[in-house]
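The values are calculated or read from the model by the stated rules, or taken from the named source; none is laboratory data. These numbers come from a predicted model, not from an experiment. Reconstructed Cβ throughout: ideal geometry from the backbone, glycine too, with neighbour counts over all protein chains shown.
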Amino acid sequence: MKKLIFLLILISGLYLFSSEKVMDSSGNIFSIFKGTINENPALQITVLSVGDLKILLNVPTTEDSAKEEFPNLYYSSSSRNLFIIYTKEREDGSDLYFQILKSDLTFSEPYKISESFSNTFCLNPKIYQTYKLSKNPDGTNSLLQLIHIIWWQKGTKEGAVYLNIPVVFNTVDIEAKTLIYLNDLISLDQNFAEGEISPYLYEYPEIIIPKVSENKLSIFFADLSSLSYVILDFNYDGDDTLRDRAHFPDIGMRLPYPMPVSFSVDTTPYFLFGSEEKIAFIVQSGDSFSFSYFCSSWSPITKIAYAKDINEAKEFVKGIIEGPSF
């Protein structure tokens, strides 16, 4: 019998998925997958229109011998662009790339957005977008849009990495990107737990967005030095007229809480989902079902329960996700 570990983190926010499949405002469906071009690994995108017309697109520069991993998409309804992220392997690690599929189905050049270190890999990237409309002193409107990307870096400077890219007049300003090593922002002297833990309990940092139109977000990630989970709140509510500073956030930190190190090291991911206020992150291990969840955004409490099979486990988590807040 499999063992499932359910981590349910209750925090105020909307959990928005970047995904390998997204839909645009007209109902067209975009899917990205790992294919083969001229016997080389490559990324390809299918576009399924409302009229069931299917188009196959090759993502430029991915058809070489280097292997791509972790492709993710996010459709921007404001710019009508499809944002693409993926990692590309090199001899001693991997790098994270950002690319745009425009509304006319042409691609931008690929942009390497991570820093390259020896024996260092970018893992499990996710991409999102927010915006904020505000009034300028002269009465005109000012729109600040931000792309948010997060991933886990394994190797040099191991930890969660966050990057934002401003979008000005629906044009992505890649040169103005801001990269932050999140674990450098915190200093936790206390070791909350001891023991070896599964990488599936920490290699999946996430972004939670309370409201897309406010340029505010919360970032959930692991701190390996203290074996704890941390939530940082980012607020881009500054003076949007100062374009050269608007994409630098005010940052607040919530109380850290211990990682469940008692769970087996050989866990593997199961699934991850959420609702407006809660996130469930499920992994499996061992020979029996169990799950743990945190029932407070500021002072989480871990609880353990058991399920006879996967269906009962899913129903239990579904009930918590759809039920009232604690």
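Quick one: would you say Asn170 is surrounded by fewer than 20 Cβ atoms within 10 Å (Cβ to Cβ) and among the polar types (S, T, N, Q)? When the stated conditions are applied, Asn170 passes them.
A quick yes/no check of all residues on (1) under 20 Å from Ala222 (Cβ atoms); (2) at pLDDT 95 or above; (3) among the aliphatic types (A, V, I, L, M):
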| site | (1), (2), (3) |
| --- | --- |
| Tyr97 | no, yes, no |
| Ile100 | no, yes, yes |
| Asp104 | no, no, no |
| Tyr111 | no, yes, no |
| Ser114 | yes, yes, no |
| Phe121 | yes, yes, no |
| Gln129 | no, no, no |
| Ser134 | no, no, no |
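For Leu10, the stated conditions hold: it is modelled with pLDDT under 85 and surrounded by 16 or more Cβ atoms within 10 Å (Cβ to Cβ).
Asp189 fulfils the conditions (1) closer than 22 Å to Ile219 by Cβ; (2) among the acidic types (Asp, Glu); (3) at pLDDT 90 or above except for a single criterion, (3).
Considering the stretch 36-61, and only residues there that are free of Cβ contacts under 8 Å to residues at least 40 places away in the same chain and under 23 Å from the mean Cα position of the chain (by Cα), the residue that is farthest from Asp95 (Cα to Cα) turns out to be Thr46.
Of the candidates Arg80, Arg90, the single residue that is at positive phi and surrounded by fewer than 21 Cβ atoms within 10 Å (Cβ to Cβ) is Arg80. Scanning the stretch 199-235 for residues that are assigned to a loop (DSSP other than H, G, I, E, B), modelled with pLDDT of 85 or more and surrounded by fewer than 21 Cβ atoms within 10 Å (Cβ to Cβ) yields a total of 2. Consider the stretch 40-77 and keep the residues that are under 22 Å from Trp151 (Cβ atoms) and among the aliphatic types (A, V, I, L, M). The one that is surrounded by the most Cβ atoms within 10 Å (Cβ to Cβ) is Leu43. Please work out which residue is surrounded by the most Cβ atoms within 10 Å (Cβ to Cβ), limiting yourself to the stretch 173-189 and to residues that are over 26 Å from Pro199 (Cβ atoms) and free of Cβ contacts under 8 Å to residues at least 40 places away in the same chain. Looking at residues that are over 26 Å from Pro199 (Cβ atoms) and free of Cβ contacts under 8 Å to residues at least 40 places away in the same chain, I get Asp173.
The set of residues in the stretch 93-128 that are hydroxyl-bearing (Ser, Thr, Tyr), under 15 Å from Pro60 (Cβ atoms) and crowded, with 17+ Cβ neighbours inside 10 Å contains only Tyr97.
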